[in-house]
Amino acid sequence: MATHKLLLLPGDGIGPEVMREVEKLVGWFRKRGIGFETETDLVGGSAYDAHGKAISEDAMVKAQDADAVLFGAVGGAKWDSVPYAVRPEAGLLRLRKDLGLFANLRPAICYPALADASSLKREVVEGLDIMIVRELTGGVYFGEPKEIVTLEDGSQRAVDTQLYTTHEVERIARVAFDLAKKRRNKVSSAEKFNVMKTGVFWRQVVGRVHKEEFSDVELENVLADNCAMQLVRWPKQFDVIVTDNLFGDILSDIAAMLTGSLGMLPSASLGAEDPATGARKALYEPVHGSAPDIAGKGLANPIAMIGSFGMALRYSFGLGEEADMLDKAIANVLASGTRTKDIAGPGANAVGTTDVGDAIVGELEALS
(Lines give C-alpha, C1' and ligand atoms only; values in the text may rest on other atoms or scores of the structure.)
Protein backbone atom coordinates (compact mmCIF):
# COMPACT_ATOMS: atom_id res chain seq x y z
CA MET A 1 0.00 0.00 0.00
CA ALA A 2 1.38 3.39 -1.03
CA THR A 3 1.92 5.89 1.74
CA HIS A 4 1.10 9.54 1.09
CA LYS A 5 3.13 12.00 3.16
CA LEU A 6 1.19 15.06 4.29
CA LEU A 7 2.64 18.05 6.13
CA LEU A 8 -0.05 19.97 8.04
CA LEU A 9 0.65 23.65 8.68
CA PRO A 10 -2.45 24.98 10.48
CA GLY A 11 -1.06 28.48 11.06
CA ASP A 12 -2.94 31.22 12.88
CA GLY A 13 -6.48 32.36 13.65
CA ILE A 14 -9.05 29.86 12.42
CA GLY A 15 -6.34 27.80 10.69
CA PRO A 16 -6.00 25.22 13.49
CA GLU A 17 -9.81 24.88 13.78
CA VAL A 18 -10.44 24.11 10.12
CA MET A 19 -7.35 21.88 9.93
CA ARG A 20 -8.77 19.68 12.69
CA GLU A 21 -11.72 18.89 10.44
CA VAL A 22 -9.32 17.77 7.71
CA GLU A 23 -7.59 15.51 10.22
CA LYS A 24 -10.96 13.78 10.77
CA LEU A 25 -11.14 13.06 7.04
CA VAL A 26 -7.55 11.84 6.89
CA GLY A 27 -8.44 9.41 9.67
CA TRP A 28 -11.58 8.29 7.85
CA PHE A 29 -9.72 7.54 4.62
CA ARG A 30 -6.90 5.89 6.57
CA LYS A 31 -9.39 3.43 8.10
CA ARG A 32 -10.44 2.49 4.58
CA GLY A 33 -6.98 1.43 3.53
CA ILE A 34 -5.47 4.63 2.14
CA GLY A 35 -2.04 5.19 3.64
CA PHE A 36 -1.51 8.69 5.01
CA GLU A 37 1.52 9.69 7.04
CA THR A 38 1.09 13.13 8.61
CA GLU A 39 3.36 15.60 10.37
CA THR A 40 2.39 18.97 11.84
CA ASP A 41 4.48 22.13 12.22
CA LEU A 42 4.20 25.88 12.73
CA VAL A 43 3.87 28.64 10.15
CA GLY A 44 3.02 32.33 10.22
CA GLY A 45 2.60 34.20 13.48
CA SER A 46 2.78 31.06 15.59
CA ALA A 47 6.15 30.23 14.00
CA TYR A 48 7.35 33.81 14.60
CA ASP A 49 6.43 33.52 18.28
CA ALA A 50 8.36 30.25 18.58
CA HIS A 51 11.32 30.84 16.24
CA GLY A 52 11.46 34.54 15.36
CA LYS A 53 10.66 33.76 11.71
CA ALA A 54 7.52 32.90 9.74
CA ILE A 55 8.64 29.33 9.07
CA SER A 56 11.55 27.39 10.54
CA GLU A 57 14.26 25.61 8.57
CA ASP A 58 13.05 22.31 10.04
CA ALA A 59 9.54 22.94 8.75
CA MET A 60 10.95 23.76 5.31
CA VAL A 61 12.81 20.43 5.26
CA LYS A 62 9.55 18.66 6.09
CA ALA A 63 7.78 20.57 3.31
CA GLN A 64 10.41 19.56 0.76
CA ASP A 65 10.06 15.93 1.83
CA ALA A 66 6.25 15.83 1.81
CA ASP A 67 4.08 14.66 -1.08
CA ALA A 68 1.77 17.57 -0.32
CA VAL A 69 1.49 20.42 2.18
CA LEU A 70 -1.86 21.41 3.69
CA PHE A 71 -1.79 25.06 4.79
CA GLY A 72 -4.41 26.75 6.99
CA ALA A 73 -4.11 30.53 7.30
CA VAL A 74 -1.66 33.06 8.73
CA GLY A 75 -1.62 36.54 10.21
CA GLY A 76 -3.48 38.73 12.64
CA ALA A 77 -3.23 42.08 14.40
CA LYS A 78 -0.86 40.61 16.98
CA TRP A 79 1.92 40.54 14.37
CA ASP A 80 1.17 43.78 12.49
CA SER A 81 4.31 45.47 13.81
CA VAL A 82 6.83 42.67 13.22
CA PRO A 83 9.56 43.35 10.62
CA TYR A 84 8.48 42.99 6.99
CA ALA A 85 10.91 40.13 6.26
CA VAL A 86 9.49 37.91 9.03
CA ARG A 87 5.80 38.86 8.87
CA PRO A 88 3.44 35.86 9.00
CA GLU A 89 2.75 35.99 5.26
CA ALA A 90 6.47 35.54 4.56
CA GLY A 91 6.11 31.88 5.52
CA LEU A 92 3.65 31.26 2.70
CA LEU A 93 5.74 33.23 0.21
CA ARG A 94 8.83 31.20 1.12
CA LEU A 95 6.95 27.92 0.70
CA ARG A 96 5.76 29.00 -2.74
CA LYS A 97 9.21 30.15 -3.81
CA ASP A 98 11.37 27.36 -2.35
CA LEU A 99 9.02 24.59 -3.51
CA GLY A 100 8.74 26.17 -6.95
CA LEU A 101 4.94 26.39 -6.76
CA PHE A 102 4.36 28.47 -9.86
CA ALA A 103 0.78 27.42 -10.72
CA ASN A 104 -2.07 28.44 -8.43
CA LEU A 105 -5.38 26.74 -9.21
CA ARG A 106 -8.45 28.41 -7.72
CA PRO A 107 -11.79 26.84 -8.62
CA ALA A 108 -14.97 28.88 -8.19
CA ILE A 109 -17.90 26.49 -7.94
CA CYS A 110 -21.40 27.47 -6.90
CA TYR A 111 -23.18 24.54 -5.29
CA PRO A 112 -26.90 24.50 -6.20
CA ALA A 113 -27.88 24.72 -2.53
CA LEU A 114 -25.89 27.96 -2.16
CA ALA A 115 -26.96 29.86 -5.27
CA ASP A 116 -29.04 32.22 -3.13
CA ALA A 117 -26.08 32.89 -0.80
CA SER A 118 -24.30 34.83 -3.53
CA SER A 119 -24.77 38.58 -3.74
CA LEU A 120 -25.58 38.07 -7.42
CA LYS A 121 -28.82 36.74 -8.84
CA ARG A 122 -29.35 32.98 -8.83
CA GLU A 123 -29.46 32.74 -12.63
CA VAL A 124 -26.05 34.44 -12.84
CA VAL A 125 -24.21 32.01 -10.53
CA GLU A 126 -26.20 28.77 -10.42
CA GLY A 127 -24.08 26.01 -11.97
CA LEU A 128 -20.95 28.18 -11.98
CA ASP A 129 -17.74 26.16 -12.43
CA ILE A 130 -14.65 28.11 -13.45
CA MET A 131 -10.95 27.66 -12.76
CA ILE A 132 -8.54 30.57 -12.32
CA VAL A 133 -4.92 29.66 -13.03
CA ARG A 134 -2.65 32.25 -11.43
CA GLU A 135 1.10 32.49 -12.00
CA LEU A 136 2.47 32.43 -8.47
CA THR A 137 6.24 32.91 -8.29
CA GLY A 138 6.91 35.80 -10.65
CA GLY A 139 5.50 39.20 -11.43
CA VAL A 140 5.29 42.22 -9.19
CA TYR A 141 5.28 40.27 -5.91
CA PHE A 142 8.78 38.93 -6.53
CA GLY A 143 10.37 41.29 -9.07
CA GLU A 144 13.43 43.33 -8.07
CA PRO A 145 14.04 46.10 -7.20
CA LYS A 146 11.42 46.19 -4.46
CA GLU A 147 12.15 49.04 -2.11
CA ILE A 148 11.24 52.29 -0.43
CA VAL A 149 14.07 54.84 -0.72
CA THR A 150 14.57 58.37 0.63
CA LEU A 151 15.50 60.93 -1.99
CA GLU A 152 17.89 63.88 -1.63
CA ASP A 153 15.04 66.32 -0.97
CA GLY A 154 13.76 64.17 1.90
CA SER A 155 10.77 62.76 0.03
CA GLN A 156 10.42 59.03 -0.53
CA ARG A 157 9.94 56.79 -3.53
CA ALA A 158 8.44 53.28 -3.49
CA VAL A 159 9.24 50.76 -6.22
CA ASP A 160 7.78 47.36 -7.07
CA THR A 161 8.92 45.68 -10.28
CA GLN A 162 6.69 43.66 -12.62
CA LEU A 163 8.96 41.08 -14.26
CA TYR A 164 8.28 37.98 -16.37
CA THR A 165 10.42 35.67 -18.51
CA THR A 166 9.44 33.54 -21.47
CA HIS A 167 9.78 30.34 -19.45
CA GLU A 168 7.52 31.59 -16.66
CA VAL A 169 4.69 32.51 -19.03
CA GLU A 170 5.06 29.37 -21.15
CA ARG A 171 4.77 26.97 -18.24
CA ILE A 172 1.69 28.62 -16.69
CA ALA A 173 0.03 28.76 -20.10
CA ARG A 174 0.59 25.03 -20.56
CA VAL A 175 -1.03 24.27 -17.20
CA ALA A 176 -4.08 26.31 -18.21
CA PHE A 177 -4.43 24.69 -21.63
CA ASP A 178 -3.99 21.19 -20.18
CA LEU A 179 -6.73 21.87 -17.64
CA ALA A 180 -9.06 23.30 -20.27
CA LYS A 181 -8.75 20.12 -22.35
CA LYS A 182 -10.20 18.19 -19.38
CA ARG A 183 -12.98 20.73 -18.90
CA ARG A 184 -14.87 22.79 -21.52
CA ASN A 185 -11.86 23.46 -23.77
CA LYS A 186 -11.67 27.24 -23.42
CA VAL A 187 -8.93 29.47 -21.98
CA SER A 188 -9.31 33.19 -21.30
CA SER A 189 -5.93 34.93 -20.91
CA ALA A 190 -6.15 38.12 -18.84
CA GLU A 191 -3.53 40.89 -18.96
CA LYS A 192 -3.18 44.63 -19.63
CA PHE A 193 -1.42 44.72 -22.98
CA ASN A 194 -2.83 48.20 -23.66
CA VAL A 195 -0.76 49.89 -20.93
CA MET A 196 1.89 47.38 -19.74
CA LYS A 197 4.86 45.94 -21.63
CA THR A 198 4.55 42.77 -19.56
CA GLY A 199 0.97 42.58 -20.82
CA VAL A 200 2.14 42.77 -24.44
CA PHE A 201 4.73 40.09 -23.69
CA TRP A 202 2.22 37.87 -21.86
CA ARG A 203 -0.23 37.98 -24.79
CA GLN A 204 2.52 37.18 -27.31
CA VAL A 205 3.88 34.18 -25.39
CA VAL A 206 0.47 32.70 -24.53
CA GLY A 207 -0.58 33.12 -28.16
CA ARG A 208 2.51 31.31 -29.43
CA VAL A 209 2.09 28.41 -27.00
CA HIS A 210 -1.53 28.13 -28.10
CA LYS A 211 -0.67 28.14 -31.79
CA GLU A 212 2.20 25.66 -31.52
CA GLU A 213 0.86 23.22 -28.90
CA PHE A 214 -2.85 23.73 -28.15
CA SER A 215 -4.56 24.98 -31.28
CA ASP A 216 -7.50 22.65 -30.56
CA VAL A 217 -8.33 24.68 -27.44
CA GLU A 218 -10.29 27.92 -27.76
CA LEU A 219 -8.26 30.96 -26.66
CA GLU A 220 -9.57 34.44 -26.01
CA ASN A 221 -7.57 37.44 -24.80
CA VAL A 222 -9.28 39.75 -22.31
CA LEU A 223 -8.07 42.86 -20.52
CA ALA A 224 -7.81 42.13 -16.80
CA ASP A 225 -10.11 44.99 -15.76
CA ASN A 226 -12.73 43.89 -18.28
CA CYS A 227 -12.33 40.33 -16.98
CA ALA A 228 -13.18 41.60 -13.49
CA MET A 229 -16.30 43.30 -14.84
CA GLN A 230 -17.36 40.22 -16.81
CA LEU A 231 -16.94 37.99 -13.75
CA VAL A 232 -19.61 40.06 -12.04
CA ARG A 233 -21.79 40.51 -15.13
CA TRP A 234 -21.91 36.93 -16.46
CA PRO A 235 -19.23 34.62 -14.95
CA LYS A 236 -20.48 31.47 -16.67
CA GLN A 237 -18.96 32.68 -19.95
CA PHE A 238 -15.56 31.60 -18.55
CA ASP A 239 -14.02 28.15 -18.21
CA VAL A 240 -10.29 28.52 -17.43
CA ILE A 241 -8.82 31.98 -16.80
CA VAL A 242 -5.01 32.25 -16.87
CA THR A 243 -3.33 35.39 -15.60
CA ASP A 244 -0.32 36.80 -13.79
CA ASN A 245 0.39 36.98 -10.06
CA LEU A 246 -1.14 40.39 -9.28
CA PHE A 247 -4.24 40.14 -11.48
CA GLY A 248 -4.73 36.53 -10.40
CA ASP A 249 -4.77 37.59 -6.77
CA ILE A 250 -7.54 40.09 -7.48
CA LEU A 251 -9.61 38.09 -9.97
CA SER A 252 -9.64 34.95 -7.84
CA ASP A 253 -11.01 36.88 -4.85
CA ILE A 254 -13.74 38.35 -7.04
CA ALA A 255 -14.59 34.85 -8.26
CA ALA A 256 -14.60 33.61 -4.68
CA MET A 257 -17.41 35.93 -3.68
CA LEU A 258 -19.57 34.82 -6.61
CA THR A 259 -20.06 31.57 -4.73
CA GLY A 260 -21.38 33.23 -1.59
CA SER A 261 -18.43 33.06 0.80
CA LEU A 262 -14.63 33.00 0.90
CA GLY A 263 -15.11 30.13 3.33
CA MET A 264 -16.19 27.89 0.46
CA LEU A 265 -13.21 27.96 -1.87
CA PRO A 266 -10.10 25.76 -1.90
CA SER A 267 -6.92 26.24 -3.90
CA ALA A 268 -3.90 24.29 -5.09
CA SER A 269 -0.39 25.55 -5.77
CA LEU A 270 1.62 23.20 -7.96
CA GLY A 271 5.24 22.95 -9.04
CA ALA A 272 6.77 21.43 -12.14
CA GLU A 273 6.46 17.72 -12.86
CA ASP A 274 9.41 15.59 -11.81
CA PRO A 275 10.78 14.13 -15.10
CA ALA A 276 11.31 10.72 -13.49
CA THR A 277 8.16 10.30 -11.37
CA GLY A 278 5.68 12.82 -12.78
CA ALA A 279 5.04 14.03 -9.22
CA ARG A 280 4.77 17.72 -8.39
CA LYS A 281 5.57 19.66 -5.25
CA ALA A 282 2.21 20.93 -4.05
CA LEU A 283 0.59 23.08 -1.40
CA TYR A 284 -3.16 23.21 -0.76
CA GLU A 285 -4.87 26.02 1.12
CA PRO A 286 -8.27 27.69 1.56
CA VAL A 287 -8.71 31.06 -0.11
CA HIS A 288 -9.94 32.67 3.11
CA GLY A 289 -7.67 34.34 5.66
CA SER A 290 -7.09 33.74 9.35
CA ALA A 291 -10.29 35.56 10.44
CA PRO A 292 -8.96 36.49 13.91
CA ASP A 293 -12.33 38.02 14.86
CA ILE A 294 -13.92 34.56 15.05
CA ALA A 295 -10.85 32.49 15.93
CA GLY A 296 -11.41 30.08 18.79
CA LYS A 297 -15.20 30.44 18.69
CA GLY A 298 -15.98 27.35 16.63
CA LEU A 299 -17.76 29.43 13.98
CA ALA A 300 -15.39 29.04 11.02
CA ASN A 301 -16.54 27.40 7.81
CA PRO A 302 -14.20 24.41 7.22
CA ILE A 303 -15.39 23.59 3.70
CA ALA A 304 -12.62 25.51 1.89
CA MET A 305 -10.00 23.66 3.95
CA ILE A 306 -11.75 20.33 3.38
CA GLY A 307 -12.04 21.12 -0.33
CA SER A 308 -8.31 21.85 -0.41
CA PHE A 309 -7.70 18.34 0.95
CA GLY A 310 -9.98 17.09 -1.83
CA MET A 311 -7.78 18.83 -4.39
CA ALA A 312 -4.76 17.09 -2.82
CA LEU A 313 -6.51 13.75 -3.27
CA ARG A 314 -7.04 14.58 -6.94
CA TYR A 315 -3.83 16.33 -7.99
CA SER A 316 -1.14 14.90 -5.69
CA PHE A 317 -2.31 11.39 -4.84
CA GLY A 318 -4.20 10.31 -7.97
CA LEU A 319 -7.29 9.50 -5.89
CA GLY A 320 -9.89 10.91 -8.26
CA GLU A 321 -12.72 8.64 -7.11
CA GLU A 322 -12.13 9.56 -3.50
CA ALA A 323 -12.02 13.26 -4.42
CA ASP A 324 -15.33 12.88 -6.26
CA MET A 325 -16.83 11.17 -3.23
CA LEU A 326 -15.69 13.99 -0.96
CA ASP A 327 -17.14 16.60 -3.34
CA LYS A 328 -20.44 14.71 -3.31
CA ALA A 329 -20.42 14.54 0.48
CA ILE A 330 -19.90 18.32 0.71
CA ALA A 331 -22.75 18.95 -1.75
CA ASN A 332 -25.08 16.63 0.20
CA VAL A 333 -24.29 18.32 3.50
CA LEU A 334 -25.01 21.75 2.02
CA ALA A 335 -28.24 20.51 0.45
CA SER A 336 -29.33 19.21 3.85
CA GLY A 337 -29.14 22.74 5.26
CA THR A 338 -26.10 22.12 7.48
CA ARG A 339 -24.23 25.41 7.21
CA THR A 340 -22.03 27.76 9.20
CA LYS A 341 -23.10 31.35 9.80
CA ASP A 342 -21.38 32.81 6.73
CA ILE A 343 -23.61 30.80 4.38
CA ALA A 344 -26.65 30.04 6.54
CA GLY A 345 -28.77 32.89 5.27
CA PRO A 346 -31.02 35.30 7.18
CA GLY A 347 -32.94 33.67 10.00
CA ALA A 348 -31.41 30.23 9.47
CA ASN A 349 -29.94 28.21 12.31
CA ALA A 350 -26.17 28.10 11.83
CA VAL A 351 -24.00 25.24 13.05
CA GLY A 352 -20.38 25.22 14.16
CA THR A 353 -17.11 24.17 12.56
CA THR A 354 -17.06 20.69 14.08
CA ASP A 355 -20.70 20.08 13.14
CA VAL A 356 -19.90 20.58 9.47
CA GLY A 357 -16.86 18.31 9.65
CA ASP A 358 -18.84 15.59 11.41
CA ALA A 359 -21.65 15.88 8.86
CA ILE A 360 -19.24 15.44 5.95
CA VAL A 361 -17.74 12.36 7.58
CA GLY A 362 -21.27 11.05 8.04
CA GLU A 363 -22.04 11.59 4.35
CA LEU A 364 -18.85 9.77 3.38
CA GLU A 365 -20.03 6.84 5.49
CA ALA A 366 -23.38 6.88 3.70
CA LEU A 367 -21.75 7.05 0.26
CA SER A 368 -19.18 4.33 0.87
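In the range 14-45, what residues are open to solvent by 10 Å² or more (accessible area, probe 1.4 Å), without any contact (Cβ under 8 Å) to a residue 60 or more places away in the chain and either part of a loop (DSSP other than H, G, I, E, B) or hydrophobic (A, V, I, L, M, F, W, C) (or both)?
33, 36, 41, 42
Please specify each residue of the range 64-76 satisfying the condition of being closer than 30 Å to residue 293 by Cβ and surrounded by fewer than 24 Cβ atoms within 10 Å (Cβ to Cβ). It would help to see each step written out before you state the result.
Here is the first cut: in the range 64-76, the residues closer than 30 Å to residue 293 by Cβ are 68-76.
Selection gives 75, 76.
Checking residue 157 against (1) surrounded by fewer than 15 Cβ atoms within 10 Å (Cβ to Cβ); (2) basic (Lys, Arg); (3) touching a helix residue (DSSP H, G or I) at 6+ places or on another chain (Cβ under 7 Å), only one condition comes out false. Which one?
(3)
Among the strands (runs of 3 or more DSSP E) contained in the range 208-310, which hold 3 or more residues that are open to solvent by less than 10 Å² (accessible area, probe 1.4 Å) and within 27 Å of residue 94 (Cα to Cα)?
240-243, 266-273, 280-286
Can you find a residue that is touching a residue at least 40 places away in the same chain (Cβ under 8 Å), in contact with a His (Cβ under 7 Å, 6 or more places away or on another chain) and not in a helix (DSSP H, G or I) anywhere in the range 89-111? Working first, answer last.
Pass one, the range 89-111, residues touching a residue at least 40 places away in the same chain (Cβ under 8 Å): 89, 91-97, 99-111.
Now drop any that are not in contact with a His (Cβ under 7 Å, 6 or more places away or on another chain), which leaves none.
No, the range 89-111 contains no residue that is touching a residue at least 40 places away in the same chain (Cβ under 8 Å), in contact with a His (Cβ under 7 Å, 6 or more places away or on another chain) and not in a helix (DSSP H, G or I).
Evaluate the range 102-110: report whether one residue or more is over 20 Å from the mean Cα position of the chain (by Cα) and either open to solvent by 20 Å² or more (accessible area, probe 1.4 Å) or among the polar types (S, T, N, Q) (or both).
no
Hey, could you check the range 121-155 for residues that are part of a helix (DSSP H, G or I) and touching a residue at least 12 places away in the same chain (Cβ under 8 Å) and say which is nearest to residue 95 (Cα to Cα)?
Going residue by residue through the range 121-155, those that are part of a helix (DSSP H, G or I) are 122-125, 139-141.
Narrowing further to those that are touching a residue at least 12 places away in the same chain (Cβ under 8 Å): 124-125, 139-141.
Working: 124: 36, 125: 33, 139: 17, 140: 17, 141: 14 Å.
This residue is 141.
From the list 320, 347, which residue is modelled with pLDDT under 95, open to solvent by 70 Å² or more (accessible area, probe 1.4 Å) and small (Gly, Ala, Ser)? Explain how you work it out, then say what you get.
Details: 320 fails: open to solvent by 70 Å² or more (accessible area, probe 1.4 Å).
Result of the check over 320, 347: 347.
In the range 311-322, how many residues are outside any helix (DSSP H, G or I) and touching a strand residue (DSSP E or B) at 6+ places or on another chain (Cβ under 7 Å)?
Of the residues in the range 311-322, the ones outside any helix (DSSP H, G or I) are 316-319.
With the extra rule that they be touching a strand residue (DSSP E or B) at 6+ places or on another chain (Cβ under 7 Å), the set shrinks to 316-317.
The number of residues fulfilling the criteria is 2.
Tell me the residue from 327, 342 that is in a helix (DSSP H, G or I), within 15 Å of residue 14 (Cβ to Cβ) and open to solvent by 30 Å² or more (accessible area, probe 1.4 Å), please. Write out each step before concluding.
Numbers: 327 fails: within 15 Å of residue 14 (Cβ to Cβ).
Of the residues listed, the single one that is in a helix (DSSP H, G or I), within 15 Å of residue 14 (Cβ to Cβ) and open to solvent by 30 Å² or more (accessible area, probe 1.4 Å) is 342.
The values are calculated or read from the model by the stated rules, or taken from the named source; none is laboratory data. Remember, it's a predicted structure, so these values are computed and weren't measured experimentally. In this analysis, Cβ positions are derived from the backbone assuming ideal geometry, glycine residues included, and neighbour counts consider all displayed protein chains. Note: areas computed on protein heavy atoms with side chains; ligands, DNA, RNA excluded. Shrake-Rupley method; radii C 1.70, N 1.55, O 1.52, S 1.80 Å.
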